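Data block below; observations after.
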Amino acid sequence: MRITVIEHEAEAGLGYLAQWLGLDCEVVRPYLGEDVPARAQDGLIVLGGAAAAWEDERSPWQPATRDLLRRAVDDATPTLAVCLGAQLLTMACGGTVERGANGLEVGAREVVALPAAASDPLLSGIGSPGSTAVAVQYHQDAMTRLPDGAVPLMTGSQYPNQAYRLGEAAWAVQFHPEATPEIFASWTADSDLDAAEDLNAEVKAAESALVATWRPMARAFAGVVRNG
(Lines give C-alpha, C1' and ligand atoms only; values in the text may rest on other atoms or scores of the structure.)
Protein backbone atom coordinates (compact mmCIF):
# COMPACT_ATOMS: atom_id res chain seq x y z
CA MET A 1 0.00 0.00 0.00
CA ARG A 2 1.28 3.44 -0.92
CA ILE A 3 -0.13 6.93 -0.39
CA THR A 4 0.47 9.72 -2.89
CA VAL A 5 1.24 12.97 -1.03
CA ILE A 6 1.13 16.41 -2.64
CA GLU A 7 3.43 18.76 -0.71
CA HIS A 8 3.03 22.42 -1.68
CA GLU A 9 6.10 23.76 0.11
CA ALA A 10 9.03 22.43 2.10
CA GLU A 11 7.82 24.02 5.37
CA ALA A 12 4.47 22.20 5.19
CA GLY A 13 5.35 18.52 5.11
CA LEU A 14 3.77 15.39 6.58
CA GLY A 15 4.87 16.15 10.13
CA TYR A 16 3.20 13.79 12.58
CA LEU A 17 1.53 11.88 9.75
CA ALA A 18 4.86 10.45 8.63
CA GLN A 19 5.04 8.64 11.99
CA TRP A 20 1.39 7.81 12.45
CA LEU A 21 0.24 6.38 9.12
CA GLY A 22 2.45 3.30 9.05
CA LEU A 23 2.25 3.20 5.24
CA ASP A 24 4.70 4.12 2.51
CA CYS A 25 4.21 7.64 1.20
CA GLU A 26 5.37 8.90 -2.17
CA VAL A 27 5.79 12.65 -1.69
CA VAL A 28 5.35 14.74 -4.83
CA ARG A 29 6.92 18.20 -4.65
CA PRO A 30 5.59 20.27 -7.55
CA TYR A 31 7.33 23.40 -6.23
CA LEU A 32 10.54 21.60 -7.21
CA GLY A 33 9.22 20.85 -10.69
CA GLU A 34 7.81 17.38 -10.02
CA ASP A 35 4.65 16.55 -11.95
CA VAL A 36 1.35 16.08 -10.15
CA PRO A 37 0.12 12.62 -11.21
CA ALA A 38 -3.19 12.15 -12.97
CA ARG A 39 -4.27 9.62 -10.36
CA ALA A 40 -3.22 8.72 -6.84
CA GLN A 41 -1.96 5.32 -5.80
CA ASP A 42 -3.82 3.54 -2.96
CA GLY A 43 -4.52 6.77 -1.06
CA LEU A 44 -4.05 10.50 -1.41
CA ILE A 45 -3.01 13.26 1.00
CA VAL A 46 -2.91 16.88 -0.14
CA LEU A 47 -1.16 19.14 2.38
CA GLY A 48 -1.31 22.85 3.15
CA GLY A 49 0.53 25.86 1.81
CA ALA A 50 0.63 29.62 1.83
CA ALA A 51 -1.06 30.24 -1.52
CA ALA A 52 -4.80 30.72 -1.82
CA ALA A 53 -6.67 27.89 -3.52
CA TRP A 54 -7.45 30.18 -6.46
CA GLU A 55 -3.91 31.59 -6.86
CA ASP A 56 -2.91 29.40 -9.78
CA GLU A 57 -0.43 31.98 -11.01
CA ARG A 58 1.41 31.65 -7.68
CA SER A 59 1.25 27.85 -7.60
CA PRO A 60 0.79 26.75 -11.23
CA TRP A 61 0.34 23.09 -10.25
CA GLN A 62 -2.94 23.80 -8.48
CA PRO A 63 -5.21 23.04 -11.48
CA ALA A 64 -3.58 19.61 -11.79
CA THR A 65 -4.00 19.10 -8.05
CA ARG A 66 -7.69 19.97 -8.24
CA ASP A 67 -8.06 17.50 -11.13
CA LEU A 68 -6.30 14.84 -9.06
CA LEU A 69 -8.62 15.47 -6.12
CA ARG A 70 -11.72 15.35 -8.31
CA ARG A 71 -10.65 12.01 -9.78
CA ALA A 72 -9.87 10.65 -6.33
CA VAL A 73 -13.42 11.45 -5.20
CA ASP A 74 -14.88 9.92 -8.36
CA ASP A 75 -12.72 6.79 -7.95
CA ALA A 76 -13.40 6.52 -4.19
CA THR A 77 -9.65 6.69 -3.54
CA PRO A 78 -9.15 7.32 0.20
CA THR A 79 -8.25 11.00 0.44
CA LEU A 80 -7.25 13.34 3.26
CA ALA A 81 -7.09 17.01 2.27
CA VAL A 82 -5.53 19.40 4.80
CA CYS A 83 -6.06 23.20 4.96
CA LEU A 84 -5.12 24.40 1.45
CA GLY A 85 -5.69 20.81 0.35
CA ALA A 86 -9.21 20.97 1.81
CA GLN A 87 -9.86 24.23 0.00
CA LEU A 88 -8.60 22.77 -3.29
CA LEU A 89 -10.88 19.77 -2.82
CA THR A 90 -13.78 22.10 -2.12
CA MET A 91 -13.18 24.10 -5.29
CA ALA A 92 -12.53 20.98 -7.37
CA CYS A 93 -15.90 19.53 -6.44
CA GLY A 94 -18.04 22.62 -6.90
CA GLY A 95 -17.86 24.38 -3.54
CA THR A 96 -16.69 27.92 -2.79
CA VAL A 97 -13.52 29.17 -1.11
CA GLU A 98 -13.09 32.86 -0.30
CA ARG A 99 -10.95 35.17 1.78
CA GLY A 100 -12.36 34.69 5.27
CA ALA A 101 -14.41 37.52 6.69
CA ASN A 102 -13.35 36.79 10.28
CA GLY A 103 -9.61 37.28 9.92
CA LEU A 104 -6.70 34.95 10.54
CA GLU A 105 -7.44 31.82 12.56
CA VAL A 106 -4.14 30.78 14.11
CA GLY A 107 -2.82 28.79 17.04
CA ALA A 108 -4.27 25.95 19.09
CA ARG A 109 -8.02 26.36 18.67
CA GLU A 110 -11.10 24.33 19.54
CA VAL A 111 -13.07 22.47 16.91
CA VAL A 112 -16.47 20.99 17.70
CA ALA A 113 -17.92 17.64 16.62
CA LEU A 114 -21.16 17.72 14.63
CA PRO A 115 -23.70 14.86 14.76
CA ALA A 116 -22.32 13.03 11.73
CA ALA A 117 -18.87 12.80 13.32
CA ALA A 118 -20.13 10.22 15.83
CA SER A 119 -20.35 7.55 13.13
CA ASP A 120 -17.58 8.80 10.86
CA PRO A 121 -14.76 6.32 10.13
CA LEU A 122 -12.09 8.91 10.93
CA LEU A 123 -13.61 11.26 13.51
CA SER A 124 -15.85 9.06 15.66
CA GLY A 125 -13.24 9.14 18.42
CA ILE A 126 -13.84 12.85 19.05
CA GLY A 127 -16.98 11.97 20.97
CA SER A 128 -20.64 12.89 20.98
CA PRO A 129 -22.04 15.93 19.14
CA GLY A 130 -20.75 19.09 20.77
CA SER A 131 -17.54 17.47 22.00
CA THR A 132 -14.49 19.65 21.47
CA ALA A 133 -10.92 18.95 20.44
CA VAL A 134 -7.89 21.18 20.06
CA ALA A 135 -6.37 21.57 16.60
CA VAL A 136 -3.58 23.62 15.07
CA GLN A 137 -4.92 26.39 12.84
CA TYR A 138 -3.21 28.72 10.40
CA HIS A 139 -5.48 30.09 7.71
CA GLN A 140 -7.48 33.07 6.64
CA ASP A 141 -9.24 31.70 3.56
CA ALA A 142 -12.44 29.83 4.27
CA MET A 143 -14.62 27.15 2.73
CA THR A 144 -17.84 29.16 2.60
CA ARG A 145 -19.95 26.69 0.59
CA LEU A 146 -19.30 22.98 0.66
CA PRO A 147 -19.66 20.75 -2.39
CA ASP A 148 -23.05 19.16 -3.01
CA GLY A 149 -23.36 15.99 -0.99
CA ALA A 150 -20.70 16.94 1.56
CA VAL A 151 -21.34 15.73 5.10
CA PRO A 152 -20.23 18.35 7.68
CA LEU A 153 -18.30 16.74 10.53
CA MET A 154 -16.73 19.54 12.59
CA THR A 155 -17.31 23.22 13.15
CA GLY A 156 -15.69 26.12 15.00
CA SER A 157 -16.51 29.54 16.39
CA GLN A 158 -14.43 31.60 13.94
CA TYR A 159 -15.12 29.60 10.77
CA PRO A 160 -17.94 27.03 10.68
CA ASN A 161 -16.70 24.59 8.03
CA GLN A 162 -13.83 22.78 9.77
CA ALA A 163 -14.19 19.23 8.45
CA TYR A 164 -16.39 17.29 6.05
CA ARG A 165 -16.61 14.00 4.23
CA LEU A 166 -17.37 13.80 0.52
CA GLY A 167 -18.34 10.66 -1.33
CA GLU A 168 -17.24 7.30 0.00
CA ALA A 169 -13.75 8.07 1.20
CA ALA A 170 -12.65 11.71 0.94
CA TRP A 171 -12.14 13.93 3.99
CA ALA A 172 -11.33 17.62 4.14
CA VAL A 173 -10.01 19.27 7.32
CA GLN A 174 -9.42 23.01 7.56
CA PHE A 175 -7.02 22.57 10.46
CA HIS A 176 -3.57 20.92 10.59
CA PRO A 177 -3.55 17.48 12.27
CA GLU A 178 -0.03 16.96 10.88
CA ALA A 179 1.54 20.06 12.41
CA THR A 180 4.07 19.51 15.19
CA PRO A 181 4.93 22.43 17.49
CA GLU A 182 8.19 22.75 15.56
CA ILE A 183 6.43 22.99 12.21
CA PHE A 184 4.02 25.58 13.60
CA ALA A 185 6.93 27.62 14.99
CA SER A 186 8.56 27.60 11.56
CA TRP A 187 5.38 29.12 10.12
CA THR A 188 5.19 31.91 12.69
CA ALA A 189 8.91 32.62 12.23
CA ASP A 190 8.15 33.58 8.63
CA SER A 191 5.22 35.78 9.64
CA ASP A 192 4.82 39.26 11.08
CA LEU A 193 2.57 38.10 13.91
CA ASP A 194 3.09 40.14 17.05
CA ALA A 195 1.89 37.24 19.18
CA ALA A 196 4.12 34.60 17.56
CA GLU A 197 5.89 33.59 20.77
CA ASP A 198 2.62 33.25 22.68
CA LEU A 199 1.08 31.24 19.85
CA ASN A 200 4.10 28.95 19.73
CA ALA A 201 3.85 28.37 23.47
CA GLU A 202 0.13 27.69 23.15
CA VAL A 203 0.68 25.00 20.52
CA LYS A 204 3.56 23.47 22.49
CA ALA A 205 1.38 23.28 25.60
CA ALA A 206 -1.31 21.49 23.59
CA GLU A 207 1.10 18.89 22.17
CA SER A 208 -0.12 15.92 24.20
CA ALA A 209 -3.75 16.73 23.41
CA LEU A 210 -2.95 17.11 19.71
CA VAL A 211 -1.27 13.71 19.60
CA ALA A 212 -4.04 12.02 21.58
CA THR A 213 -6.71 13.39 19.24
CA TRP A 214 -5.22 13.27 15.77
CA ARG A 215 -3.05 10.14 15.90
CA PRO A 216 -6.18 7.93 16.04
CA MET A 217 -7.62 9.84 13.09
CA ALA A 218 -4.45 9.28 11.07
CA ARG A 219 -4.41 5.59 11.93
CA ALA A 220 -8.08 5.31 10.98
CA PHE A 221 -7.30 6.90 7.62
CA ALA A 222 -4.49 4.39 7.10
CA GLY A 223 -7.02 1.64 7.88
CA VAL A 224 -9.35 2.99 5.18
CA VAL A 225 -6.45 2.92 2.71
CA ARG A 226 -5.57 -0.65 3.64
CA ASN A 227 -9.17 -1.81 3.30
CA GLY A 228 -9.79 0.11 0.08
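The values are calculated or read from the model by the stated rules, or taken from the named source; none is laboratory data. Given the structure is predicted, the values throughout are model-derived calculations rather than measurements. Cβ: placed from backbone, ideal geometry, glycine included. Neighbour counts: every protein chain shown. Just the protein is used for accessible areas: all its heavy atoms, side chains included, with ligands, DNA and RNA removed. Shrake-Rupley method; radii C 1.70, N 1.55, O 1.52, S 1.80 Å.
Observations on the structure shown:
- Span from the the range 36-96 Cα centroid across to the the range 2-18 one, whole angstrom: 13
- Heavy-atom accessible area per residue - the chain, 1.4 Å, Å²: 41
- Diffusion constant of the chain at 4 °C, which comes from Stokes-Einstein with the Kirkwood Cα-pair radius and 1.567 mPa s, µm²/s: 75
- Sites residue 24 and residue 186, calculated FRET efficiency, Cβ-Cβ separation with R0 25 Å, nearest 0.05: 0.50
- Distance-filtered residues of the range 156-176 - backbone nitrogen under 16 Å, label point 7 angstrom along residue 118 Cα→Cβ: none
- Carbon/sulfur fraction of accessible area - the chain, other protein chains in place, 1.4 Å, %: 46
- Computed from phi, the 3J(HN,Hα) profile of the range 212-228 under the Karplus parametrisation 6.51, -1.76, 1.60 (θ = phi - 60°) reads 4, 8, 9, 5, x, 5, 5, 5, 5, 5, 4, x, 4, 4, 4, 8, x Hz, with x in place of Gly and Pro.
- Residue 102-residue 76 pseudo-label distance in nm [points 7 Å out on the Cα-to-Cβ vector]: 3.5
- Convex hull volume per residue for the range 142-192, taking Cα atoms only, in Å³: 104
- For the range 174-189, 3J(HN,Hα) per residue [Karplus equation, 6.51 cos²θ - 1.76 cosθ + 1.60, θ = phi - 60°, Hz, x = Gly/Pro]: 6, 8, 10, x, 7, 7, 7, x, 5, 4, 4, 5, 5, 5, 5, 5
- Relative contact order computed over the range 36-93 (Cα-Cα under 8 Å; 6+ residues apart), in percent: 49
- Note on residue 219 and residue 132: the extension gain reaches 29.3 nm, defined as 0.36 nm multiplied by sequence separation minus the Cα-Cα distance.
- Taking amide H positions as modeled 1.01 Å from N, with prolines and chain starts lacking one, the residues under 5 Å from residue 131 and 5 or more places away or on another chain are 113.
- Calculated FRET value between residue 157 and residue 54, using beta carbons and R₀ = 25 Å, to 0.05: 0.50
- Label-zone membership for the range 35-53, site residue 1, 7 angstrom Cα→C-beta point, backbone N under 11 Å: 42-43
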